[in-house]
1. Examine region 59-69 for a residue that is open to solvent by 50 Å² or more (accessible area, probe 1.4 Å), within 17 Å of the chain's Cα centre (by Cα) and of a type in the set (Val, Ile, Thr), and state whether such a residue exists.
2. Looking only at region 20-58, which residues are open to solvent by 30 Å² or more (accessible area, probe 1.4 Å) and of a type in the set (A, V, I, L, M, F, W, C)?
3. Could you list, ordered by first residue, the pairs with Cβ atoms under 8 Å in which the first is in region 220-234 and in contact (Cβ under 8 Å) with a residue 12 or more places away in the chain and the second is hydroxyl-bearing (Ser, Thr, Tyr), at least 6 apart or interchain?
4. Name the single residue that is nearest to PHE231 (Cα to Cα) among those in region 145-158 being touching a Leu at 6+ places or on another chain (Cβ under 7 Å) and open to solvent by 20 Å² or more (accessible area, probe 1.4 Å).
5. Among the residues of region 165-206, how many are at pLDDT 75 or above, open to solvent by 70 Å² or more (accessible area, probe 1.4 Å) and more than 20 Å from THR118 (Cα to Cα)?
6. Is it fair to say ALA115 is closer than 24 Å to TRP235 by Cβ, modelled with pLDDT of 95 or more and open to solvent by 30 Å² or more (accessible area, probe 1.4 Å)?
7. Taking the stated definitions as given, is LEU232 open to solvent by 30 Å² or more (accessible area, probe 1.4 Å) and either of a type outside the set (Gly, Ala, Ser) or in a helix (DSSP H, G or I) (or both)?
8. Return the total of residues in region 96-109 being small (Gly, Ala, Ser) and not in a loop (DSSP other than H, G, I, E, B).
Amino acid sequence: MASTSTLGQLRTAQKSAKGVSLYSRYVNRPAGRVLAAGAYRVGLTPNQVTLISAAFTLVSVAAVALARPSWTLAVAVYLGLVVGFAFDSADGQLARLTGKGGPAGEWLDHVVDCAKMTALHAAVLISFYRFFDLPGDGWLLVPLGFQFAAVVSFCAGLLTDQLKRQAVKAPETPETGTPAAAAGSPLRALALLPVDYGVFCLVFLLLGSPSAFRLAYTVLFAFQALFLLAFLAKWFRELSALPKGR
């Protein structure tokens, strides 16, 4: 078991809760904290934890694409995705605890995040085509649209953060800098739940019922598309307000 002292150190080295949903704040980060403490005790590096996260996720992705939907598959895929997500939180926490983070580690983390996002929606598209009795071929556009909205949100959000840091001359990265202690708005944390990756993972528990999965997946796609439009407008306003030139 992870030592109490290590968990205590990790609690004081958390990133800001601003812009974080309730699931990530109260479920995924605490789970990642326990995994980070365990990884610290066995001597794993942050990059190794990132690769463990990738392994859990990619096995689940392959299962979605290759196996016929069933309740057994639903539970297995969900567990793989949610454990992978917890390890995704653990790598950054371990980096802050050990001071072994850096640009290469942050790069690897973002590459894995982008890969899992792209691959998971591609796997749903393959599953739709191979195993689902779809009302029409137009339904195959839903995973493509979801993938587009998710990837644009991810990339635009990262670029916005980088440009804002440059503008205020704050070079620390999330892995190496000292995290802020801002608590974040509870209402905003609740509103962000529909676009939280942890909530998205829950949808795969419905794989045993293709019609229910398709409906829930489409509803989350609609939320992702709406939030993308809102975020793009917000980020553009914020960047437009920054000082021009350097």
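1. Taking region 59-69 and keeping what is open to solvent by 50 Å² or more (accessible area, probe 1.4 Å), we get 59, 66, 68.
Filter again for within 17 Å of the chain's Cα centre (by Cα), leaving 59.
With of a type in the set (Val, Ile, Thr) added as a condition, the list becomes 59.
Yes: one or more hits.
2. LEU22, VAL27, ALA31, VAL34, LEU35, VAL42, LEU44, LEU51, ILE52, ALA55, PHE56, LEU58
3. Between residues of region 220-234 that are in contact (Cβ under 8 Å) with a residue 12 or more places away in the chain and residues that are hydroxyl-bearing (Ser, Thr, Tyr), the close pairs are GLN224/SER153; PHE227/SER153; LEU228/SER153; PHE231/SER153.
4. The first filter runs over region 145-158 and keeps only residues touching a Leu at 6+ places or on another chain (Cβ under 7 Å), leaving 149, 152-153, 156.
Restricting the remaining residues to those that are open to solvent by 20 Å² or more (accessible area, probe 1.4 Å) gives 152, 156.
Numbers: VAL152: 10, ALA156: 9 Å.
Checking each candidate, the answer is ALA156.
5. We begin by selecting, within region 165-206, every residue at pLDDT 75 or above; these are 165-168, 185-206.
Now restrict to residues that are open to solvent by 70 Å² or more (accessible area, probe 1.4 Å): 166, 168, 186-188, 190, 202.
When the remaining residues are screened for being more than 20 Å from THR118 (Cα to Cα), the result is 166, 168, 186-188, 190.
Total satisfying the criteria: 6.
6. Working: closer than 24 Å to TRP235 by Cβ: yes; modelled with pLDDT of 95 or more: yes; open to solvent by 30 Å² or more (accessible area, probe 1.4 Å): yes.
Considered against the rule, which asks whether it is closer than 24 Å to TRP235 by Cβ, modelled with pLDDT of 95 or more and open to solvent by 30 Å² or more (accessible area, probe 1.4 Å), ALA115 comes out as yes.
7. Working: open to solvent by 30 Å² or more (accessible area, probe 1.4 Å): yes; either of a type outside the set (Gly, Ala, Ser) or in a helix (DSSP H, G or I) (or both): yes.
Judged against the criteria, LEU232 is a match.
8. So the first thing to find is which residues in region 96-109 are small (Gly, Ala, Ser), and the list is 99, 101-102, 104-105.
Keeping just the survivors that are not in a loop (DSSP other than H, G, I, E, B) gives 104-105.
The qualifying residues number 2.
The values are calculated or read from the model by the stated rules, or taken from the named source; none is laboratory data. Treat the numbers as computed from the prediction; the structure is a model and nothing was measured. Neighbour counts are summed over all protein chains in view; Cβ atoms, including those assigned to glycine, are modelled from backbone coordinates with ideal geometry. Just the protein is used for accessible areas: all its heavy atoms, side chains included, with ligands, DNA and RNA removed. Shrake-Rupley method; radii C 1.70, N 1.55, O 1.52, S 1.80 Å.
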